[in-house]
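The next block holds one structure in the form of structure tokens; read it before the comments.
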Amino acid sequence: MVILIGGKMLNERFKNKLPVAIPWELLLIVLGTILSVQMDLVGQHTVQVVGHIPSGLSSPVLPSLSQARELFIPALSAALVGFSFLSAMGSVFAHKHGYHVDSSQDLLALGLCNTIGGMFQCFAVSCSFSRSMVQDSIGVKSQMAGLVSALVILTILLKIGPLFEQLPKAVLAVIIVVNLQGILAQFKDVCVLWKSDRLDLMVWIASLISTLVFNLDLGLAVTVVFSLLTLIYRTQHASTVVLGHIPGTDCYRDVGLYTEAKQVPGVTILSYTSPIYFANSELVFTQIKQTVSRDQKKNPAIIHTSTSSSSAQTPTHSHCLVLDLSSVTFMDSVAMPALHKVVEDLEVQGVSVFLAACPERVLSQLQTQDCTADSLPSSCLFPSVHHAVQRCLSTLPRPLQEINPDASEC
């Protein structure tokens, strides 16, 4: 371990002067094999070695389907674990080196490798964790490394396999452990996740514990289920944001975050940043109704009408609601009727409802569900929040504050 760690430090220190990184792993394997043979580590000290390495390749044969029913579930588990492991390792290296991973292409390559390997009675093919870390640590950049590795393995299987039968397993273990430094360094992510997103941290911890306690395939299933539960939790606890207008622009931002954002008198602008579906629709629309009721008192539109020749002014109140749906990716068949009911309830309270920035999918769902027929006609749908607000202001006679329709864009 000292040799390997020291060698990697030398490679890193002199990487600009060395044309090619010194392959310390290969040198360690050769040195370990020589010492094992010369010192008779197996006989004198009962050191565990690699042992017999069979030569040659099995003849190709089509797999038997006689046990397909019994092997379907285990095979499915192996496929899911293998692909998940491949995707995870690919994402780690893509993030480290700044490139993009195409999961579809990886899945196709994995299927092709397993199809061919299955004819030669090979193990299920996936990404090799240890070999990937070793290759990354020695600076591998292209697929030529994979080709060279395949040729070396083929040569070992066909010709020189017996030469490595005396290689101590401890040498292989040291190579793997030393090259795991990059993965073990990911434990530093715990502090980052604690500060940024504790739900992600819980998923991280759940995946670690479930994989350690259970086997890999069951641990993966537990992690997936736990991740889905966190998604449901997020949608259940997504807040309804009140937007305000930034003077001189057509921008509308959260009044709680932007001090310049001011609410438009008589207009409540709400934004919801999550899908609306059966699990959270009641909560979302209840929040909307409560916010509008509260805003009618805090943010009324005061209209001045002349009631006498002396032009005495008497205030009356009216209100509009603009729902910014730009961040709502979909609404299911339960949420659509609930929206229809909320619009009707607010209309009874004297509140006009307008929808702004509906994604095409949501707009198509509204039209398919026939929710825009009576309560939400096409005249209540607008391409942006600014257009909807302008429409609201036109329905309020002589509002105290107007928004310049020619305001500059964000």
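Within region 106-134, which residues are assigned to a helix (DSSP H, G or I) and under 29 Å from GLN181 (Cβ atoms)?
Here is the first cut: in region 106-134, the residues assigned to a helix (DSSP H, G or I) are 106-118, 129-134.
Of everything in region 106-134, those that are assigned to a helix (DSSP H, G or I) and under 29 Å from GLN181 (Cβ atoms) turn out to be ASP106, ALA109, LEU110, CYS113, PHE129, SER130, ARG131, SER132, MET133, VAL134.
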- [ ] Determine whether VAL225 is over 23 Å from the mean Cα position of the chain (by Cα) and outside any loop (DSSP other than H, G, I, E, B).
- [x] no
- [ ] Would you mind telling me which numbered condition in (1) among the charged types (D, E, K, R); (2) modelled with pLDDT of 85 or more; (3) closer than 27 Å to VAL61 by Cβ LYS159 fails?
- [x] (2)
TODO: Test SER207 against the stated conditions and say whether it is outside the structural domain of VAL385 (by TED's automatic domain parsing) and buried (at least 17 other Cβ atoms within 10 Å of the Cβ).
DONE: yes
TODO: Would you list the strands (runs of 3 or more DSSP E) that sit entirely within region 240-299 and hold 1 or more residues that are touching a residue at least 40 places away in the same chain (Cβ under 8 Å) and within 26 Å of the chain's Cα centre (by Cα)?
DONE: 240-245, 267-272
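Condition test on LEU76, is it hydrophobic (A, V, I, L, M, F, W, C) and under 26 Å from the mean Cα position of the chain (by Cα)?
Details: hydrophobic (A, V, I, L, M, F, W, C): yes; under 26 Å from the mean Cα position of the chain (by Cα): yes.
It is true that LEU76 is hydrophobic (A, V, I, L, M, F, W, C) and under 26 Å from the mean Cα position of the chain (by Cα).
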Task: Tabulated pairs, region 347-367, first under 23 Å from CYS251 (Cβ atoms) and modelled with pLDDT under 90, second among the hydrophobic types (A, V, I, L, M, F, W, C) and loosely packed, with under 15 Cβ neighbours inside 10 Å, C-beta under 9 angstrom, 6+ apart or interchain - done: VAL362/PHE330
Open item on the list: Quick check on region 164-177. Is at least one of its residues part of a loop (DSSP other than H, G, I, E, B) and within 30 Å of SER293 (Cβ to Cβ)?
Closed with: no
- [ ] Just need a number here: residues in region 3-51 that are in a helix (DSSP H, G or I) and exposed (fewer than 12 other Cβ atoms within 10 Å of the Cβ).
- [x] 8
- [ ] Output the residues belonging to region 161-172 that are exposed (fewer than 13 other Cβ atoms within 10 Å of the Cβ) and either small (Gly, Ala, Ser) or not assigned by TED's automatic domain parsing to the domain that holds THR33 (or both).
- [x] none
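Within the group ILE183, ILE153, which residue is modelled with pLDDT under 85, more than 22 Å from PRO54 (Cβ to Cβ) and of a type in the set (Val, Ile, Thr)? First the steps, then the outcome.
Working: ILE153 fails: more than 22 Å from PRO54 (Cβ to Cβ).
From the options ILE183, ILE153, the qualifying one is ILE183.
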Open item on the list: Step by step: first the residues of region 99-134, then only those that are without any contact (Cβ under 8 Å) to a residue 12 or more places away in the chain, surrounded by 12 or more Cβ atoms within 10 Å (Cβ to Cβ) and under 27 Å from the mean Cα position of the chain (by Cα), then the one that is nearest to LEU80 (Cα to Cα). Which residue is that?
Closed with: GLY111
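The values are calculated or read from the model by the stated rules, or taken from the named source; none is laboratory data. Because the structure is predicted, anything quoted here is derived from the model rather than measured. We place every Cβ from the backbone using ideal geometry, glycine too, and count neighbours over all the protein chains shown.
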